[in-house]
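Just so you know, all these numbers are worked out from the coordinates, no wet-lab data involved. These numbers were taken from a predicted model, which means no experiment stands behind them. As a convention, Cβ positions derive from the backbone with ideal geometry for all residues, glycine included, and neighbour counts pool all protein chains shown.
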């Protein structure tokens with residue numbers, strides 16, 4: 001019995017010594033999945049283009065010209081740039097039933113389901129689907145009238161009320 005206790009104690013001491021010798025540095029380098037790194041790089045490229053396009057559009061519209069163009073129109077130019085570069089598609093659609101532009105109505109089955117969910121109280125709705133035989137992730141996010149400037153054009157809503165939705169279609173890679 002004593003010999004068994006000595007062996008268990010010896011094994012315990014060895015285990016503690018081994019664990020103590022293993023570095024516990026949280027900055028220890030591990031190689032991430034190369035596919036995940038590639039996706040992260042693609043995301044950074046897209047975000048870089050997105051924000052630079054937004055800054056240029058805002059500058060041209062509001063700084064250079066002091067224009068009264070609604071911010072949503074500038075945003076639509078950014079959406080178009082992201083689509084042209086192949087990153088993703090984004091649309092701004094109405095959920096009030098009184099769109100400012102006829103093209104801002106829900107068209108697809110996904111958009112119609114998303115509008116129903118957003119009207120019911122969800123702030124986000126998403127699902128995986130396909131486009132041209134390839135997987136895509138579609139999402140919709142609520143756009144409320146967050147400031148008095150929104151209501152100055154959209155007279156049929158009050159500040160804070162649901163106004164529209166952003167519809168995203170992103171390739172699943």
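Numbers below:
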quantity	calculated
Residues residue 39 and residue 64, FRET efficiency given R0 of 41 Å [Cβ-Cβ distance, rounded to 0.05]	0.70
Contour minus Cα-Cα distance for residue 116 and residue 137 (0.36 nm per residue)	5.7 nm
Cα gyration tensor shape for the stretch 33-86, rounded if a/c is under 1.5, else prolate or oblate	prolate
Gyration tensor verdict on the stretch 30-173 (Cα atoms; rounded if a/c is under 1.5, prolate if a/b is larger than b/c, oblate otherwise)	oblate
